[in-house]
Amino acid sequence: MPATLFSRGLYVDPTAGKITVADYFAEWRTLQMHADTTAIKTDWALRAHVAPTPLGRMPIAQARRGHVQAWVKDRGQVLQPSSLHPVYAYVAGMFRAAALDRVIAASPCQGITLPDLVVAKRFVPTSDQVHDLADGFVSAHARAQGRHYRAQVCAGAGLGLRQGEIWGLELDCIDFLRREVYVRQQLKTITGRKPFLDAPKTPTSIRTIELPDAVALELAARLERFPAREVEIDDHTDRRRPGRRTARLVFTNAGAIQRGSFSKPWRAAVKRANLPDDLTMHALRHYYARLLIHAGASVTTVQLALGHANPTITLNRYAGEWPEAIEKTRTLVDAALARPVAARRAASK
């Protein structure tokens, strides 16, 4: 070990540094407090984009900035920038942990150049298109079965719920008298395991949403034709005490909704409504956000309604939806300064 490293307080364990990048990544990911979906993504990143590469097979102590940059360039040939950025973030996080653990002297992820992210323009349906989508379910199925799916469209567009929040909605979460909906859980559908209830995405996702009449009528019609079904399901909403219980889910098929069983009728309704083929239910959440914003809702109001962790997330995603804010600032400044300026000009003549 060079003396300069000791003098800088950068002692590292020479034995630990012999572990390969891929093996250290595998150990690192098991210690992270990742949600299930993120854990699946990190496992995929390891298996598909770290372990098979020269960087992954390299002893971690030998990894240098150039090796990481070469890995980024190589992965950029097989991954879109939107996929490469999060995979790189996992690798960079792993190297930071290795430096903190004194496995390496410093992270080689310094000054790494990543491909620019191309932000695709978000498609947000109009009100007419939301109605066309809801009607598309009724047209594509027997009327009663169509009503079964139609109410989900209304819950997405009229309440701003995430797909998992819609599918995890229980009967006692809807208060028709107070005209409120309580979001306290979501249904997780992960490949390789049965659907289960889990805590919402963030603590602020636990929220109360006002129930508009239009949505209440659709939900009531849905429940009249298809009463809430009692389903035996794993409940991980309290991860310290996971268990199994009977849940009265509003939206079900044979049991809790499986993602695959919903995709076929969804695609059929999207096609009938002449909407983009890649449209997902999340577009209805964007519709809800735009509806609130264009009606004059503040950033905080929209944040709380959507259950975002903080207002910054809301601003980053929907800043362009507040175009009238520019006009408002101009109007405010003109109202405050126009008269004094006019008065001074008249006095100077």
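The values are calculated or read from the model by the stated rules, or taken from the named source; none is laboratory data. Since the structure is predicted, the reported quantities are computational estimates derived from the model, not experimental observations. No Cβ is skipped: glycine too gets one built from the backbone with ideal geometry, and neighbour counts run over all protein chains shown. Ligands, DNA and RNA are stripped out before the accessible areas are found, and what is left, the full protein with its side chains, is counted by its heavy atoms. Shrake-Rupley method; radii C 1.70, N 1.55, O 1.52, S 1.80 Å.
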Quiz item: So Leu275 fits all but one of (1) open to solvent by less than 30 Å² (accessible area, probe 1.4 Å); (2) assigned to a helix (DSSP H, G or I); (3) farther than 30 Å from Leu171 by Cα; (4) at pLDDT 90 or above; what number is the exception?
Solution: (2)
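The rows are residues; the columns are (1) surrounded by 17 or more Cβ atoms within 10 Å (Cβ to Cβ); (2) in contact with a strand residue (DSSP E or B) (Cβ under 9 Å, 6 or more places away or on another chain); (3) without any contact (Cβ under 8 Å) to a residue 24 or more places away in the chain; (4) under 30 Å from Leu284 (Cα atoms).
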{"residue": "Ala89", "(1), (2), (3), (4)": "no, no, yes, yes"}
{"residue": "Arg96", "(1), (2), (3), (4)": "no, no, yes, no"}
{"residue": "Asp101", "(1), (2), (3), (4)": "no, no, no, no"}
{"residue": "Ile104", "(1), (2), (3), (4)": "yes, no, no, no"}
{"residue": "Asp116", "(1), (2), (3), (4)": "no, no, no, yes"}
Quiz item: So which residues in the range 179-212 are over 24 Å from His308 (Cα atoms) and in contact (Cβ under 8 Å) with a residue 24 or more places away in the chain?
Solution: Thr191, Lys194
Quiz item: Where residues in the range 213-270 are small (Gly, Ala, Ser) and not in a helix (DSSP H, G or I), which of them is least open to solvent (accessible area, probe 1.4 Å)?
Solution: Ala247
Quiz item: Within the range 184-212, can you find the residues that are of a type in the set (Val, Ile, Thr), in contact with an Asp or Glu (Cβ under 8 Å, 6 or more places away or on another chain) and either farther than 22 Å from Val153 by Cα or surrounded by fewer than 20 Cβ atoms within 10 Å (Cβ to Cβ) (or both)?
Solution: Ile190, Thr208
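Residue by residue, here is whether (1) more than 30 Å from Ile60 (Cβ to Cβ); (2) at pLDDT below 90; (3) of a type outside the set (Gly, Ala, Ser) holds:
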| site | (1), (2), (3) |
| --- | --- |
| Tyr88 | no, no, yes |
| Ile104 | no, no, yes |
| Lys121 | yes, yes, yes |
| Asp135 | yes, yes, yes |
| His141 | yes, yes, yes |
| Gly146 | yes, yes, no |
